[in-house]
Every structure is written in structure tokens, then in C-alpha cells.
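The values are calculated or read from the model by the stated rules, or taken from the named source; none is laboratory data. Since the structure is predicted, the reported quantities are computational estimates derived from the model, not experimental observations. Here the Cβ positions follow ideal geometry from the backbone for every residue, glycine too, while neighbour counts run over all protein chains shown. These area figures cover heavy atoms from the full protein model, side chains too; ligands, DNA and RNA do not enter into them. Shrake-Rupley method; radii C 1.70, N 1.55, O 1.52, S 1.80 Å.
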Amino acid sequence: MRIVVALGGNALLKRGEPMTAGVQRGNVKVAAQSLAPVAQAHQLVISHGNGPQVGLLALQGAAYKEVDAYPLDILGAQTEGMIGYMIEQELGNLLPFEVPFATILTMVEVDPDDPAFQDPAKFVGPVYEEAEAKSLAAEKNWVVKPDGKYWRRVVPSPLPKHIFEIKPIKWLLEKNTVVICAGGGGIPTMYDPQKERTLIGVEAVIDKDYATELLARELEADLYIMATDVDGVYLDWGTPNARKIECATVSELKAYDFAAGSMGLKVEAGCTFVRKTGKRAAIGSLADIEAIVAGKAGTIIENR
């Protein structure tokens, strides 16, 4: 099978952990142990989150006052290289030497008229106490919003329209390469409304699950998996009546209301993939990835 896996941010950095290279590498090593059996048996494409890493680079850049801060599209490109390198190395340490890997810097087109630019809502960077977040917002001209009991910076999150590197990704898969691409939802780009056929970067972050859904669809993947830190999609999450959805159709899932944050986006992305391709999507724990591929774990979304 051709399988596309979107790694949640927890695969790289768990909430509250220090953002050191060693901590991130340790988490990637654990993720690689789950992904290695899948890579041995199937064609594998991996995407990943990058919110904390982009936020850290932004803060590090802001500390150097001699130049203007680098924009989010460039920071996104930097994190794709950094995280892809770690995934390649740790997964390569577990697979046969002859298995090829490639990390692709992936530009993704967005619409300059996307309404997301009027309502920034995508969390990036570390968490702060409310007072510190509001102080940073005033100092750096950020928009900040509550994220659970903490506060974080938010930026626009427009929908993905087109993946520019889709052809070379397909070429690599034809050679049975494990491909890491579309990290953090890809590098946000758009065509300059003032200049014909001129591509420019955008101060935004594309949702990883939406971008990876588009990637999986254009690659004609057989299965799209969103790997996260819970074992599936739950109804009445956080209550004594919480119960896991083992398997559901798109229409069945549409009958429920899920939190507007991460899980709601994952359900919507999975349903879009299934509706437009007729193939399977799944949401579940990275630790259960082999069982998810076999249809025996996670929440499976089917077109039946």
C-alpha cells in the first residue's frame, strides 16, 4: 500500500518539554520505532508538525537585533530541513542500509483572499502565562489567544490549494523512497496579486492535517493516517461518558460535533480524503500505527 502519515506535534515535542535538540531527537527516535515496520512493508510518506519549532526559531531570531526577524515561510522551510533530517537519520538507523530517504522542502499555495487572513487562529510557538503572552503581543505586534490554561501566539491558517513539489515526490515514491515532506503544512506561498506569475512567501501557517490530506489525495494514497497522542476519536471527550469511535462513515461522523481545535480539524481532513477518494483514513496513536494500518486500532473512517 501507499500510506501517508501525518505525525502530530507530540511526536517531536510533548507539551511542557524543553525545546532542546536532544529532547526532540529522543521523541523522533520513539516515533521511528513505530514507523519502521510500516516503511518495510509499504510505500511511506511522512509529514509532521512544526509549531513549537517555528516559535522557537522566531524567538531566537528576535533576540538578534541587527536584522529584521525572518518571516514564517522561511522559518517553516528551516524546520522542514531540521525535522526531516532527524526523521531520516533515526528511521534510517532502523531500516536496511539500502532503503533510500529524501526530505523535500514543500511549497504549498494558498489564496490571498482566504478569510483566514482576517481571523488568525493557528497556534505557533511555546505556551505562556496570560500576562507574559499579552506583554509579548504588545511588544512584537503578535495576536495571542488562550490554548487551554495557557496562552500562545496565533497566525493565519489559510487552506492549501496546490503542492508545487508533487511531481518529484511521486518520482521518489516510484523508486521506493521514504519521503518526508509537507512538514508543518508546507511552506506557505501565494502568487503576488500585483505581479503576474510571481510566487512569494506568506506570513501564515497551513494546517498540517489539511495539507497532508491534499498530499495524500494527489499521491493517490491507499490510506491516510493522522498519528496523535490519543488512541482515536472520542464522543463526549473529557466526561465520564467518553467513548471511542472504532469505525465510522463520513455521514456518521458529520452527525457529531467535535472540538473546533485539533481533533475537529483531523476529523474534517479525514472525511475529506475519504469522500473525495473512496479510500480509508484513520486517526489514532503513533504507538498503534501497525494495528491502524491493519484496521485494528484507531478510529477508521470508511466510505461504506
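Laid out as a table, the results:
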read-out: Cα-Cα pairs of the chain separated by more than 30 Å (percent); value: 30 percent
read-out: Rounded Å value of the spacing that divides the Cα centres of the stretch 244-270 and the stretch 272-287; value: 11 Å
read-out: Segment residue 111-residue 15, extension gain: residue separation times 0.36 nm, minus the distance between their alpha carbons; value: 31.4 nm
read-out: Cα-Cα P(r), the stretch 1-159, percent of pairs per 5 Å interval; value: 1, 8, 15, 19, 18, 15, 11, 7, 4, 1, 0
read-out: Estimated inter-spin distance, residue 218 and residue 149, nm [label 7 Å along Cα→Cβ]; value: 4.2 nm
read-out: For the chain, share of DSSP beta bridges that run antiparallel, in % to the nearest 5; value: 40 percent
read-out: Normalised alpha carbon radius of gyration of the stretch 184-304 [divisor 2.2 N^0.38 Å]; value: 1.19
read-out: Shape metrics for the stretch 123-212, restricted to C-alpha atoms - Rg then Dmax, Å; value: 17.2, 52
read-out: Carbon and sulfur %, accessible surface of the chain computed with the full protein complex present, 1.4 Å; value: 52 percent
read-out: Cleavage-rule hits (chymotrypsin sites (Phe, Trp or Tyr not before Pro)) in the stretch 216-261: DSSP loop, at most 15 neighbouring Cβ within 10 angstrom; value: 237, 256
read-out: GNM result for the chain, Cα springs below 10 Å: residue of 186, 238, 22 fluctuating most strongly; value: 238
read-out: Sequence of 246, 109, 130 when ordered by accessible area, the most exposed leading, probe 1.4 angstrom; value: 246, 130, 109
read-out: Heavy-atom surface of the stretch 128-234, accessible at 1.4 Å and reported per residue (Å²); value: 47 Å²
read-out: Proximal lysines relative to residue 276, as straight alpha-carbon distance under 26 Å, when same-chain residues fewer than 8 apart are discounted; value: 122, 161, 167, 170, 208, 244, 254, 266, 296
read-out: Distance (nanometres) between label positions extended 7 Å along Cα→Cβ at residue 256 and residue 194; value: 4.8 nm
